[in-house]
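The values are calculated or read from the model by the stated rules, or taken from the named source; none is laboratory data. Nothing here was measured: the structure is a model prediction, and the numbers come from that model. In this analysis, Cβ positions are derived from the backbone assuming ideal geometry, glycine residues included, and neighbour counts consider all displayed protein chains. Accessible surface areas use protein heavy atoms only, side chains included; no ligands, DNA or RNA. Shrake-Rupley method; radii C 1.70, N 1.55, O 1.52, S 1.80 Å.
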Amino acid sequence: MANKLWQKNITVDSEIERYTIGKDAEMDMYLAQFDVIGSIAHATMLETIGLLSTADRDTLLKGLREIYKKIQKGEFEIEPGVEDIHSEVELMLGEVGKKLHSGRSRNDQVLLDLKLFTRAKLQEVVEAVRSLFDTLQAQSEKYKNVLIPGYTHLQVAMPSSFGLWFGAYAESLLDDMQMLLAAYKVANRNPLGSAAGYGSSFPLNRTLTTELLGFESMCYNVVYAQMGRGKTERIVAQAVASVAGTLSKLAFDSCMFTSQNFGFMKLDAKYTTGSSIMPHKKNPDVFELTRAKCNKIQSIPNEIMMITNNLPSGYFRDLQIIKESYMPMFDEILDCLNMVKRMMAEITVNENVLGDSKYDCIFSVEEVNRLATEGMPFRDAYKKVGLDIEAGKFKANKEIHHTHEGSIGNLCNDKISALMDGVLNQFNFDKANNAEKGLLSLA
Ligand code: ARG
């Protein structure tokens, strides 16, 4: 096979070719549109420093915008024998394409593509997290007066509520959103111009490409810019793993609470699956798959760390393998987020869980607190109630008064929501989106 950008006078062994290209034809499709956008910025910059004539630049921009349209229409593919997305785009541009690579290497090109891809995907994740957050908060408010038992050691412990349960997962997403914001800031810096990792003797205008692409800043040091490969993906994967951790815990609770032995919540039959042998089964597979998928996502930062941990500075082909874990991760987390949102919006709750006397003991602490308020030392009250329970003499008073911040009677959902807005306002997706639209002449 010929079509390699670096092919000179030696034909590479076909098995070596297969092995080194690996899954790039599939993985690089995720990067296609971003490779084109990056090249538009690069070509625009090359003209301003005299490395491209205005006519050549215009031919390149026209060609690149046509390729972009093909990608959008699903008519673009990396042809067999072509090494990667960078080669495919350059080859499609024909003769003038040969002028595009001045001052650039595939090393900074793929870095740039990954950063642009990450920005776009994080935007989708942030929107999906926000949407689930809103659903959980709405359910928390709706069911704030419905009590359930809280557990420690999976043993019945103290009064809790659906208000607390739904609201807890919403607040968990607030912290996950902080992680996403930190990850976005790391991804939102421009590596283009670092070339193979040591810059170029051409007088590149990196400030211009940084502005054209709507980045917050550039990765200045060219050696560090290249070191960002793998590091960016690990940090972003950690943020996504944080979201996955929230979903996986929520999924486990939901499996448990929908089981007949708890009977706290119910999924409509159309959201469950059956058994091939037991005619009565309505299984919550949707939560089980969410739990497994999200647990798998939580291993991705570790995979990336293992791939990159013992690499010195400078580019290595090892970095290509990260794409196989990293790119599909976004599809998976988005699928999980959307599914969980749907289930949380539709799930019904049992409004009389505490009608069952086996939960009466959750009010034991209330009784201890009542006696303590009346003047009995807490330790004596604790002992008295304990002995009453053992002797079968304990009568539960189900009137509870939890008033402090974050408790059953004072959920503070409005405060949590204000914090979420504060984090969301810092993303500034418009800057990136408008810059990219501008490069594509779509503005
Ligand atoms: N497919 C390669 C990667 O993902 C592109 C960069 C190739 N660079 C190189 N020096 N071989 O890393």
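Quick check on my filter: what residues within the range 256-271 are part of a helix (DSSP H, G or I), exposed (fewer than 12 other Cβ atoms within 10 Å of the Cβ) and not aliphatic (A, V, I, L, M)?
Of everything in the range 256-271, just one residue is part of a helix (DSSP H, G or I), exposed (fewer than 12 other Cβ atoms within 10 Å of the Cβ) and not aliphatic (A, V, I, L, M), namely LYS270.
When restricted to residues that are within 16 Å of the ligand (Cβ to nearest atom) and assigned to a helix (DSSP H, G or I), the range 103-124 contains 13. Would you mind telling me which numbered condition in (1) in a helix (DSSP H, G or I); (2) within 16 Å of the ligand (Cβ to nearest atom); (3) open to solvent by less than 10 Å² (accessible area, probe 1.4 Å) MET177 fails? Evaluating MET177 over (1) in a helix (DSSP H, G or I); (2) within 16 Å of the ligand (Cβ to nearest atom); (3) open to solvent by less than 10 Å² (accessible area, probe 1.4 Å) leaves (2) as the failure. Between ALA225, ALA244, the distinction of being more than 30 Å from LYS296 (Cβ to Cβ), assigned to a helix (DSSP H, G or I), open to solvent by less than 20 Å² (accessible area, probe 1.4 Å) and touching a helix residue (DSSP H, G or I) at 6+ places or on another chain (Cβ under 9 Å) belongs to ALA225 only. If the condition is being open to solvent by 40 Å² or more (accessible area, probe 1.4 Å) and more than 22 Å from the chain's Cα centre (by Cα), then the range 407-437 contributes GLY409, ASN410, ASP414, LYS415, ASN434, LYS437. Put simply, of ASP360, ASP335 the only residue that is under 30 Å from ASP24 (Cα atoms), among the charged types (D, E, K, R) and assigned to a helix (DSSP H, G or I) is ASP335.
Residue pairs whose Cβ atoms lie under 8 Å apart, separated by 6 or more positions or on different chains, with the first residue in the range 80-105 and under 26 Å from ARG206 (Cβ atoms) and the second of a type in the set (Ser, Thr, Tyr) and more than 16 Å from the ligand (Cβ to nearest atom), are VAL96/THR59.
Considering the range 13-49 alone, what residues qualify as being β-branched (Val, Ile, Thr), open to solvent by 40 Å² or more (accessible area, probe 1.4 Å) and either over 25 Å from VAL82 (Cα atoms) or away from the ligand (no atom under 16 Å from the Cβ) (or both)? Those that are β-branched (Val, Ile, Thr), open to solvent by 40 Å² or more (accessible area, probe 1.4 Å) and either over 25 Å from VAL82 (Cα atoms) or away from the ligand (no atom under 16 Å from the Cβ) (or both): THR48, ILE49.
Inspect all residues belonging to the range 404-422 and state whether any of them is closer than 29 Å to VAL36 by Cα, not small (Gly, Ala, Ser) and not in a loop (DSSP other than H, G, I, E, B). So far as the range 404-422 goes, no, none of its residues is closer than 29 Å to VAL36 by Cα, not small (Gly, Ala, Ser) and not in a loop (DSSP other than H, G, I, E, B). Looking across the range 212-243 at every residue that is within 16 Å of the ligand (Cβ to nearest atom) and not hydrophobic (A, V, I, L, M, F, W, C), the one that is farthest from the chain's Cα centre (by Cα) is identified as GLN226. Among the residues of the range 249-306, the one identified as out of contact with any helix residue (DSSP H, G or I) (no Cβ under 9 Å at 6 or more places or on another chain), within 26 Å of SER160 (Cβ to Cβ) and among the hydroxyl-bearing types (Ser, Thr, Tyr) is SER259. When the range 174-211 is examined, which residues are found to be over 18 Å from TYR315 (Cβ atoms), under 26 Å from the mean Cα position of the chain (by Cα) and hydrophobic (A, V, I, L, M, F, W, C)? If the condition is that a residue be over 18 Å from TYR315 (Cβ atoms), under 26 Å from the mean Cα position of the chain (by Cα) and hydrophobic (A, V, I, L, M, F, W, C), then LEU174, MET177, MET179, LEU180, LEU181, ALA182, ALA183, VAL186, ALA187 are the ones that fit.
For the structure I just gave you, tell me whether VAL82 is at pLDDT below 95, within 16 Å of the ligand (Cβ to nearest atom) and touching a Leu at 6+ places or on another chain (Cβ under 8 Å). It is true that VAL82 is at pLDDT below 95, within 16 Å of the ligand (Cβ to nearest atom) and touching a Leu at 6+ places or on another chain (Cβ under 8 Å).
Among the residues of the range 294-347, those identified as β-branched (Val, Ile, Thr) and either within 16 Å of the ligand (Cβ to nearest atom) or open to solvent by less than 10 Å² (accessible area, probe 1.4 Å) (or both) are ILE297, ILE304, ILE307, THR308, ILE321, ILE322, ILE333, VAL340, ILE347. Restricting the first member to the range 258-274 and to residues that are on the phi > 0 side of the Ramachandran plot and touching a residue at least 24 places away in the same chain (Cβ under 8 Å), and the second to residues that are open to solvent by 50 Å² or more (accessible area, probe 1.4 Å) and assigned to a loop (DSSP other than H, G, I, E, B), the beta-carbon pairs closer than 9 Å and six or more apart or on different chains are GLY263/ASN350; GLY263/ASP356.
Table: residues versus (1) assigned to a helix (DSSP H, G or I); (2) more than 16 Å from the ligand (Cβ to nearest atom); (3) crowded, with 17+ Cβ neighbours inside 10 Å; (4) small (Gly, Ala, Ser).
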residue: LEU51; (1), (2), (3), (4): no, yes, yes, no
residue: ARG57; (1), (2), (3), (4): yes, yes, yes, no
residue: GLY63; (1), (2), (3), (4): yes, yes, yes, yes
residue: GLU77; (1), (2), (3), (4): no, yes, no, no
residue: GLU88; (1), (2), (3), (4): yes, no, yes, no
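Any idea which of (1) in a helix (DSSP H, G or I); (2) within 16 Å of the ligand (Cβ to nearest atom) is the one PHE287 doesn't satisfy? Checking PHE287 against (1) in a helix (DSSP H, G or I); (2) within 16 Å of the ligand (Cβ to nearest atom), the one that fails is (2). Going by the conditions given, is ARG189 within 16 Å of the ligand (Cβ to nearest atom) and of a type in the set (D, E, K, R)? When the stated conditions are applied, ARG189 does not pass them.
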